[in-house]
């Protein structure tokens, strides 16, 4: 320790003795930076006390460079994937879990859960940190690498250990057995309902399904047959997917030739304008539309929301969207690794940049503050053909901003953390008869006998549930969704969700109180 101190003191003393007036800083040239990189690599190889793997050092430097470029580009390193597993993934033989991850401060963090998936009903929450899969740490420097690591046979399960910070600041670990499933194999429009007089409701859960446009067209046809004259289009928590499908969905509401988005590439001489190629829109069939969005609305779903807003075809209602509109492409490296790189960005038809700023922002804050900016000050804007001012620069900003709903009490969160509703529901349904689905939806609450049964079950598991009407009301809502899904599956679940969702009710009311395009 003394030798180190003496050497450092001598080095600093020599530097002070030779000190001259500080020169004006000059940014190093690329050649000088590469020389410095080589110097650091050689110093580590020659003088570090450990025997270091040069390839591992260079790979770490490559990953650091990519991470510094933007929060969405990433490396798929061949060194961490067996050839057999990489080939199986490319061939579609490995099925992922329906959860999106991003690496934040070196740890995989949940950024999305696919609506309609089993995971969405298992209390896997955005912000949960992945600690282990089947008891083993998960190694990965990108969300895609984590997805490949967690993938396996279709309909098999993997036990995820997640760390969660509660609303009261406490931190816990929860285990969830998550099914690997291809949600896009089923329809991407699972909810098709009439939710009010002449008011239809549709939910698009993903754009990864190559038949989204066709499914939507069929669903709208069914609603028209039931007397629909106005539509609520729900894009909440839709993380995007195929941008081609975004153009096809827009064609349900816009005429042929209408601009859907404008793609700008670094090396392109002029932007690529993507328009509606196949339209089902008719001037005489211009029914009012409200689009529901939140901070889980991202990528292709933002393109649809932005296009309908810019063309004055719909009012956007909810919370600011996520703010991701980068074009991604894979670039192979000499060792077989692949850089998935952002090589372009997308603008809405009137010219808004939807992509959220990431320069000078840590990756953690980039994901943490999604949808957090709730005013339009400083946001880029443009005017629609009808003269409305619309805003971007951090997602699509809604025309009708809905207040953020408060988090549930900690005792409610703990019931789901301990999986108590899921553990209870099967046994209850074995010995109890439920009213018809329509009756339950009309009542909007679980039967009193179910609440009493669950209270007894939870007490036996050591759960503390407050007494009183307010706690009972929360249990009635919580247990109702569990009972309906267990008894009637996804179809019943989405029927219930459309009927009891407060934002859907607010959208129905907005048709009568706001001027629509």
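Each reported figure results from applying straightforward, stated rules to the coordinates on display, with no laboratory input. This structure is a prediction, so every number in the text was calculated from the model and none was measured. Please note: Cβ atoms are built from the backbone with ideal geometry, for glycine as well, and neighbour counts cover all protein chains shown.
Quick look at the values:
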{"quantity": "Taking 343, 207, 331, 280 and counting other C-beta atoms within 10 Å, the order from fewest to most", "calculated": "331, 343, 280, 207"}
{"quantity": "Translational diffusion coefficient (Stokes-Einstein; Kirkwood radius from C-alpha pairs) of region 410-506 at 20 °C, 1.002 mPa s, in µm²/s", "calculated": "156 µm²/s"}
{"quantity": "Calculated log₁₀ intensity ratio I(q)/I(0) where the Debye formula runs over C-alpha points of region 78-183, q = 0.13, 0.22 Å⁻¹", "calculated": "-0.44, -1.25"}
{"quantity": "222 nm mean residue ellipticity, helices alone, for the chain (DSSP H n ≥ 4; -39,500 (n - 2.57); rounded to 500)", "calculated": "-11500 deg cm²/dmol"}
{"quantity": "For region 282-405, alpha-carbon Rg relative to the globular expectation (2.2 N^0.38 Å, N residues)", "calculated": "1.18"}
{"quantity": "Separation of the residue 61 and residue 405 label points, Cα + 7 Å toward Cβ, nm", "calculated": "5.1 nm"}
{"quantity": "Residue-span extension gain [residue 430 to residue 52] - 0.36 nm each, minus C-alpha spacing", "calculated": "130.0 nm"}
{"quantity": "Mean Cα-pair separation over length for the chain, i.e. relative contact order, pairs under 8 Å, 6 or more apart, %", "calculated": "11 percent"}
{"quantity": "Global geometry of region 159-307, whether rounded, prolate or oblate, following the gyration tensor of its Cα atoms and the 1.5 cut on a/c", "calculated": "oblate"}
{"quantity": "Tail fraction, Cα-Cα pairs, the chain, threshold 30 Å, whole percent", "calculated": "56 percent"}
{"quantity": "Pairwise label distance in nanometres, residue 312 with residue 283, each label 7 Å out on the Cα-Cβ vector", "calculated": "1.4 nm"}
{"quantity": "Label-point gap, in nm, between residue 381 and residue 42 - each point 7 angstrom along Cα→Cβ", "calculated": "5.8 nm"}
{"quantity": "Sorted by Cβ neighbour density within 10 Å, fewest at the top, the residues 193, 153, 63", "calculated": "153, 63, 193"}
{"quantity": "Alpha-carbon Rg/Rh ratio, for region 452-495, with Rh computed the Kirkwood way", "calculated": "1.06"}
{"quantity": "Inter-part distance where region 450-480 and region 108-179 are each reduced to a Cα centre, Å", "calculated": "27 Å"}
{"quantity": "Footprinting exposure proxy for 439, 73 (fewest neighbouring C-beta atoms within 10 Å first)", "calculated": "439, 73"}
{"quantity": "Per-selection metrics, region 249-331 (Cα): Rg and Dmax in Å", "calculated": "14.1, 47"}
{"quantity": "FRET E, pair residue 194, residue 449, Förster distance 30 Å, beta-carbon r, rounded to 0.05", "calculated": "0.50"}
